[in-house]
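J.: Sending over a structure as structure tokens; questions will come in a sec.
The values are calculated or read from the model by the stated rules, or taken from the named source; none is laboratory data. This structure is a prediction, so every number in the text was calculated from the model and none was measured. Methodologically, a virtual Cβ is constructed for each residue, glycine included, from the backbone with ideal geometry; neighbour enumeration extends over all protein chains shown. Quick note on the areas: whole protein, heavy atoms, side chains included, nothing else; ligands and nucleic acids left out. Shrake-Rupley method; radii C 1.70, N 1.55, O 1.52, S 1.80 Å.
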Amino acid sequence: QMQLVESGGGLVEAGGSLNLSCAASGSTLSRYSMGWFRQTPRKEREFVGVHRSSGDTYYEYFVKGRFTVSRDNAKNTVYLSMNNLKAEDTAVYYCAAGNPNDYNYDRPYGYDYWGQGTQVTVSS
């Protein structure tokens, strides 16, 4: 059973940067695609980006060019680097592990394991 623990959230001004980490234990991260999602009280959980087990990365349009997903398999950790943050990026950010296919890598149901989430607040 894989456990995921996110860290690195916090309060940042608009235009600033934050780096989130997601540490995995109980299983080898390299076997999985690692996704990042976010959620606010008003919205369903939405896809942010993914680092697939193949090495390919994909991003939702509203973060493309600003966010980067990377992984360090030796450390069993995946990262979300967020730059040029906007107020609308405020949310709880979750990392997830699974083996989604080409049709559901951007859907929560494509993933089997989830972290507890970390709050990111961007002040305008």
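J.: If Y103 meets every condition in (1) assigned to a loop (DSSP other than H, G, I, E, B); (2) open to solvent by 30 Å² or more (accessible area, probe 1.4 Å); (3) in contact (Cβ under 8 Å) with a residue 24 or more places away in the chain apart from one, which number is that one?
T.: Result: Y103 fails condition (3) only.
J.: Checking the conditions here, which among R107, R52, R71 is within 22 Å of L18 (Cβ to Cβ) and either charged (D, E, K, R) or in contact with a Lys or Arg (Cβ under 7 Å, 6 or more places away or on another chain) (or both)? Spell out the reasoning first.
T.: Numbers: R107 fails: within 22 Å of L18 (Cβ to Cβ); R52 fails: within 22 Å of L18 (Cβ to Cβ).
After ruling out the rest, the residue left standing is R71.
J.: Based on what the data block shows, is P108 touching a helix residue (DSSP H, G or I) at 6+ places or on another chain (Cβ under 6 Å) and crowded, with 18+ Cβ neighbours inside 10 Å?
T.: no
J.: Being of a type in the set (A, V, I, L, M) and farther than 16 Å from S27 by Cβ: is that true of A74 here?
T.: Numbers: of a type in the set (A, V, I, L, M): yes; farther than 16 Å from S27 by Cβ: no.
Judged against the criteria, A74 is not a match.
J.: Here is a follow-up. Output the residues belonging to segment 6-37 that are without any contact (Cβ under 8 Å) to a residue 60 or more places away in the chain and assigned to a strand (DSSP E or B).
T.: Result: S21, A23, S25.
J.: Something else about it: So, in segment 38-74, of the ones that are among the acidic types (D, E) and outside any strand (DSSP E or B), which residue ends up surrounded by the most Cβ atoms within 10 Å (Cβ to Cβ)?
T.: Of segment 38-74, the ones among the acidic types (D, E) are 44, 46, 56, 60, 72.
Add one more test, that the residue is outside any strand (DSSP E or B), and what stays is 44, 56, 60.
Numbers: E44: 8, D56: 11, E60: 16.
Per the stated criteria, the residue is E60.
J.: I've got another one for you. Against the definition (under 18 Å from S81 (Cβ atoms), touching a residue at least 24 places away in the same chain (Cβ under 8 Å) and of a type in the set (D, E, K, R)), how does R45 come out, yes or no? Spell out how you get there, then give the answer.
T.: Values: under 18 Å from S81 (Cβ atoms): no; touching a residue at least 24 places away in the same chain (Cβ under 8 Å): yes; of a type in the set (D, E, K, R): yes.
Considered against the rule, which asks whether it is under 18 Å from S81 (Cβ atoms), touching a residue at least 24 places away in the same chain (Cβ under 8 Å) and of a type in the set (D, E, K, R), R45 comes out as no.
J.: Before we move on, is G35 modelled with pLDDT of 95 or more, among the small types (G, A, S), within 22 Å of G9 (Cβ to Cβ) and crowded, with 18+ Cβ neighbours inside 10 Å?
T.: Values: modelled with pLDDT of 95 or more: yes; among the small types (G, A, S): yes; within 22 Å of G9 (Cβ to Cβ): yes; crowded, with 18+ Cβ neighbours inside 10 Å: yes.
For G35, the condition - modelled with pLDDT of 95 or more, among the small types (G, A, S), within 22 Å of G9 (Cβ to Cβ) and crowded, with 18+ Cβ neighbours inside 10 Å - is met.
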